[in-house]
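Throughout, read-outs are computed from the coordinates displayed, never taken from laboratory work. Being a predicted model, the structure only gives us computed values, none of them experimental.
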Amino acid sequence: MSTFEVPSPILSSPFEEPKEHWWILEGQPAERRPGRRPALCFYRKPKRQTDERGGVAIEMQPVNHIRQRVQAWRESG
């Protein structure tokens with residue numbers, strides 16, 4: 001099994017807010033973490049400009065804001 005594979009990829013029900021997630025970084029073993037994973041996208045420069053691997057994580061702020069509002073709505077009943 002490579003470091004990018006996990007024994008049970010699905011940890012949460014599709015009908016509930018996630019209680020845990022997999023945190024995966026290149027070259028490290030996958031780590032099971034509590035809570036919902038923040039919404040991120042990764043920007044990588046085109047290969048003609050650089051050969052760097054991975055990329056820069058950019059938070060998707062509107063998505064994370066909507067998630068917070070939905071959580072508050074659920075908790076309010």
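Table for the structure above
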read-out	value
GNM top mover of 44, 36, 67 - the chain, alpha-carbon springs below 10 Å	44
Sequence-distant residues sharing a close amide H with residue 20 (under 5 Å, placed H)	35
Difference of contour (0.36 nm per residue) and Cα-Cα distance, residue 26 to residue 64	11.3 nm
The chain - Rg over Rh from alpha carbon coordinates, Kirkwood radius	1.06
